[in-house]
Structure formats: structure tokens, C-alpha cells
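Asker: What follows is a single structure, and I will ask about it in a moment.
The values are calculated or read from the model by the stated rules, or taken from the named source; none is laboratory data. Everything quoted here is computed from the prediction, not taken from an experiment. We place every Cβ from the backbone using ideal geometry, glycine too, and count neighbours over all the protein chains shown. Surface areas here come from the heavy atoms of the whole protein model, side chains and all, with no ligands, DNA or RNA. Shrake-Rupley method; radii C 1.70, N 1.55, O 1.52, S 1.80 Å.
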Amino acid sequence: PPPMAQIELENVGKVFPGDVVALDDVSLRIEDGEFIALVGPSGCGKSTLLRSLAGLEEVTSGTISIDGRDVTDVAPRQRDVAMVFQSYALYPHMTVRQNLGYGLKVRRTPKTETRTRVEEVARMLGLFELLERKPGQLSGGQRQRVAMGRAIVRDPAAFLMDEPLSNLDAKLRVQMRAEISQLQSDLGTTTIYVTHDQTEAMTMGDRVAVMRKGELQQVAAPQELYDHPVNLFVAGFIGSPAMNLVEATLERADGGFVVEAGGQRIALGDETMSARPAIKAYQGRKIVLGIRPEDLEDAELATDIPADRRLRGTVELREALGAEIMVHFKVDAPPALTEDVRELAQDVGDERAVQQEEGARETTMVGRFGARSKVREGDPAEVAVDSRVLHFFDLDTGLGIYDESTKGEEAR
Ligand code: ATP
């Protein structure tokens with residue numbers, strides 16, 4: 001088994017020359033054997049965090065420890081961590097055997113030990129038959145396995161992976177994702193995996209850490225992030241297509257609560273109110289209402305949802321994907337255009353939100369409808385809302401409105 005490696009960052013800051021704050025008071029504890037996926041938009045500091053852990057970057061403040069040992073000022077070689085990069089970081093002129101053994105060679109490991117270790121790892125990764133080939137003679141997946149193998153051979157306390165799959169095609173990425181997850185869990189080596197792909201993060205991570213502008217936003221298990229995003233940023237970042245966000249008010253009506261957004265009105269059942277009692281305090285105030293596309297359905301198909309839980313608008317676009325239909329529809333409800341939302345839209349290239357004007361009265365929403373939906377472009381849209389899983393955010397702070405009991409694990 002690999003050495004124990006609990007990794008701890010305490011109040012870590014990194015400022016580059018020119019006052020570029022890449023890491024802002026980051027505190028995070030990664031348990032021994034854990035797989036943490038680190039996600040966030042371009043430039044949020046993911047690589048800087050990883051490089052700081054590896055010792056390739058000197059931090060400006062705070063401490064980093066590995067298995068209880070303060071390594072803040074320890075040289076990369078002495079930290080016992082292995083970086084895994086994209087597969088094109090392999091040495092093209094060396095064979096697979098030489099690539100795999102290189103890390104051991106520079107550490108002056110005896111030749112016979114290197115040989116045994118390299119062959120053991122090559123067998124583990126299905127590379128044994130390919131040991132004498134050069135990277136140019138391998139497929140993309142095989143090259144990626146060699147890149148992984150180079151790290152595994154050293155038996156480090158932790159793997160630090162920086163977007164290792166980003167130059168592979170979509171199908172191979174999905175396959176390698178599963179392979180890396182399996183390998184990591186077999187080896188039990190603490191792993192930090194940087195990606196900008198939220199699907200990759202959600203499927204691979206025991207926990208996912210979401211970063212924005214050098215700050216950790218939320219660190220939690222994938223389901224927890226999805227169910228209880230701490231703020232609008234996390235809400236918009238996790239989930240694809242992104243959560244629909246509109247400005248709304250919470251009102252009392254018909255003996256219960258309703259949420260009103262422009263001309264739209266959705267009844268909140270007792271089950272919603274008892275699950276989310278904290279929202280009662282927002283009665284009469286503006287909030288942001290979040291609805292995930294998967295919680296919307298063609299009303300024709302959602303016969304179990306009462307008629308007082310519907311959005312009404314016009315179908316703008318129908319994208320049939322076989323198993324489901326993505327339906328873009330316009331409703332008369334003001335879009336939530338907080339700074340978070342705009343930044344997110346830009347980052348994920350969401351044309352919908354980017355094009356929304358300040359003061360707009362209409363929002364284009366996306367729903368994932370069942371494949372049997374017959375809606376057509378230009379038709380009136382009658383959309384059923386699963387009101388049990390609505391999301392509510394404070395308009396001023398952007399924070400999710402939760403009770404202590406339902407609150408997600410916040411970034412510490
Ligand atoms: P990406 O997903 O695009 O790789 P990232 O989240 O990994 O982005 P970092 O590379 O960690 O982001 O960069 C964080 C911030 O620090 C950015 O604003 C970047 O421009 C800045 N930065 C990174 N390296 C340096 C450097 N050597 N000198 C000055 N600024 C830097």
C-alpha cells in the first residue's frame with residue numbers, strides 16, 4: 001500500500017507579480033485515499049493550487065502539509081507527490097519502458113528494481129506488450145496510460161493530475177475517466193484531479209471542490225453539490241445544461257405559498273415548504289428562483305404534476321437527442337442577472353444568458369423533455385415544474401437559502 005497521505009492546505013494564498021491573486025485564503029483537507037476533483041472556470045487558480053502542492057510554485061502565505069509534515073518550504077523532489085499531465089508530456093524519443101522508468105532513474109533507483117517495478121506497472125495498465133514502442137506508435141488511450149504509469153511507478157503519496165484527458169476525443173475521455181477512477185480506487189492513492197469539465201469532476205470525484213477567482217466556493221460530494229449548491233455560482237456551474245435562473249418573489253396565496261416570476265406563478269406544495277422552511281422568511285421579497293432543466297417536463301407528459309405548477313411561454317427551439325428532447329422556451333419572467341450569473345454565462349459560452357439585457361422581462365429557459373413530447377417550434381409551451389426540487393437564492397448575496405439542517409457542506 002502507498003504511504004498515508006492526508007493533504008492539508010491552511011489559509012494558502014498566492015499572489016503573482018502585478019498583484020494577480022491566484023489563490024485567496026484557500027483551506028482544504030483531503031483525506032488519505034480520497035479522490036478530489038478541482039473544478040472552476042479558466043483562470044480561477046486550479047493549476048496554481050496543484051503546482052503549489054507539488055512545490056513548483058512558492059506560496060505567498062499559509063501552510064501546506066502532507067501526512068502531518070509541513071512541506072510548505074520543501075523542494076518538489078522531497079514532497080513525494082507525482083504530477084500527471086496530458087499524454088503529450090511523454091518523451092517522444094524514449095520507449096514506453098524508458099518513459100515509465102525515467103522517474104526512478106533520476107532518483108537513482110537500482111536497475112533491477114526499476115525493471116521489476118516498470119514491468120509490474122506495465123502489466124497493471126495493459127502496456128506490457130508495448131514496452132519497446134515509442135509514444136508515436138501508440139494510440140491516444142495507450143499514451144495516456146503511459147502518462148499515468150509514470151506516476152504510479154514511483155509509488156507516491158499522492159497523484160496530482162492536471163487536466164490529463166483534455167487532448168483526448170470525447171469517447172476516449174469517457175473510457176479513460178472510468179479507467180483512472182478504477183485504478184485510483186485499486187491503488188488507494190490520494191488524488192487531486194484538476195479539470196474544467198464539471199461532468200468529469202462529478203463522475204470521478206469522491207468530493208468536488210469548486211473554485212472561483214482564487215477562492216474555494218464549496219467542497220462537497222457530487223450529489224450534495226447538485227442538491228444544495230451554496231451559491232448562484234456553484235448552482236450555475238454544476239449541471240448541464242445549466243440551471244435556469246429567474247428573479248421571483250415568494251407570496252402567500254390560496255392557503256399556501258406560491259413563487260411568482262413575472263407573469264408566471266408556481267404553487268409550492270407542503271412538502272416543499274416543510275423541506276425548506278427558511279424560505280418563509282423571504283415572503284414578499286425578491287429572490288432568485290433556480291430550476292434545473294431536468295425538473296421541467298412537457299405538461300402533456302407530466303400528468304402527475306398539478307396544473308398550478310406550470311410555466312407558460314413559447315417554444316423557441318426543439319433539439320431532439322433521441323432519449324430526450326431539449327426544449328428552449330421563452331417565458332415572461334425577468335432573468336436573474338447577478339454578476340455571478342453573467343460571469344458563468346460567459347465562461348460556459350451560454351448564449352442564452354450572455355444575450356439577456358439588463359431590465360429584460362423575458363427569459364429563455366431550457367427543459368429536458370421526454371422523447372415522446374410533441375412540442376414544435378413556435379407553439380405555446382405548457383411546462384410542468386417539479387416544485388419539490390426548486391432552488392432559492394438570496395438576490396443580494398447570491399447565497400442559497402437553506403436551513404441549518406439542509407445546508408450543504410460549505411468550503412471551510
Ligand atoms: P485554466 O483552466 O485556464 O488552466 P486555472 O484555473 O488553472 O486556469 P491558473 O493557471 O492557476 O488558473 O491561474 C490563476 C491566475 O493566476 C490567472 O489569473 C493567471 O493569469 C495568473 N497566473 C498564473 N501563472 C502566473 C504567472 N506565472 N505570473 C503571473 N500570473 C500568473
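Asker: Could you please find all residues in the stretch 260-281 being open to solvent by 20 Å² or more (accessible area, probe 1.4 Å) and farther than 15 Å from residue 306 by Cβ?
Answerer: 260, 262, 263, 274, 275, 276, 277, 278, 280, 281
Asker: Would you check if residue 77 is away from the ligand (no atom under 16 Å from the Cβ) and either more than 31 Å from the chain's Cα centre (by Cα) or part of a strand (DSSP E or B) (or both)? Steps first, answer last, please.
Answerer: Working: away from the ligand (no atom under 16 Å from the Cβ): yes; either more than 31 Å from the chain's Cα centre (by Cα) or part of a strand (DSSP E or B) (or both): no.
Spelling it out, it is not the case that residue 77 is away from the ligand (no atom under 16 Å from the Cβ) and either more than 31 Å from the chain's Cα centre (by Cα) or part of a strand (DSSP E or B) (or both).
Asker: Would you be able to tell me the number of residues in the stretch 166-195 that are closer than 13 Å to residue 37 by Cα, touching a Leu at 6+ places or on another chain (Cβ under 9 Å) and open to solvent by less than 10 Å² (accessible area, probe 1.4 Å)?
Answerer: 6
Asker: Do you know which residues across the stretch 163-201 are within 16 Å of the ligand (Cβ to nearest atom), farther than 21 Å from residue 6 by Cβ and not in a helix (DSSP H, G or I)?
Answerer: Scanning the stretch 163-201 gives 163, 164, 165, 166, 167, 195, 196, 197.
Asker: So which residues in the stretch 26-42 are open to solvent by 60 Å² or more (accessible area, probe 1.4 Å) and either within 15 Å of the ligand (Cβ to nearest atom) or assigned to a loop (DSSP other than H, G, I, E, B) (or both)?
Answerer: Scanning the stretch 26-42 gives 31, 32, 42.
Asker: Going through the stretch 55-70 one residue at a time, which ones are among the aliphatic types (A, V, I, L, M) and either more than 15 Å from the ligand (Cβ to nearest atom) or at pLDDT 95 or above (or both)?
Answerer: Residues satisfying the conditions are 59, 64, 66.
Asker: Mind checking whether some residue in the stretch 295-306 is part of a helix (DSSP H, G or I) and closer than 18 Å to residue 389 by Cβ?
Answerer: Among the residues of the stretch 295-306, at least one is part of a helix (DSSP H, G or I) and closer than 18 Å to residue 389 by Cβ, which makes the answer yes.
Asker: Name the single residue that is farthest from the ligand (Cβ to nearest atom) among those in the stretch 1-19 being open to solvent by less than 80 Å² (accessible area, probe 1.4 Å) and without any contact (Cβ under 8 Å) to a residue 40 or more places away in the chain.
Answerer: 18
Asker: Looking at the stretch 68-110 only, could you name the residues that are among the β-branched types (Val, Ile, Thr) and closer than 28 Å to residue 137 by Cα? Spell out the reasoning first.
Answerer: Going residue by residue through the stretch 68-110, those that are among the β-branched types (Val, Ile, Thr) are 71-72, 74, 81, 84, 95-96, 106, 109.
Passing the criteria: 84, 95, 96, 106, 109.
Asker: Moving on to the next point. If you take the residues in the stretch 43-64 that are under 12 Å from residue 213 (Cα atoms) and in a loop (DSSP other than H, G, I, E, B), which one is most open to solvent (accessible area, probe 1.4 Å)?
Answerer: 43
Asker: Please state which of the following conditions residue 115 fails to meet, knowing it meets all the rest: (1) at pLDDT below 90; (2) surrounded by fewer than 16 Cβ atoms within 10 Å (Cβ to Cβ).
Answerer: (1)
Asker: Working carefully through the options 233, 237, 257, find the one that is surrounded by 15 or more Cβ atoms within 10 Å (Cβ to Cβ), free of Cβ contacts under 8 Å to residues at least 60 places away in the same chain and over 22 Å from residue 380 (Cβ atoms). Break it down into steps so the answer makes sense when it comes.
Answerer: Values: 233 fails: free of Cβ contacts under 8 Å to residues at least 60 places away in the same chain; 237 fails: free of Cβ contacts under 8 Å to residues at least 60 places away in the same chain.
The unique qualifying residue is 257.
Asker: Next question, about the same structure. If you go through the stretch 130-141, how many residues are open to solvent by less than 60 Å² (accessible area, probe 1.4 Å) and in contact (Cβ under 8 Å) with a residue 40 or more places away in the chain?
Answerer: Count: 3.
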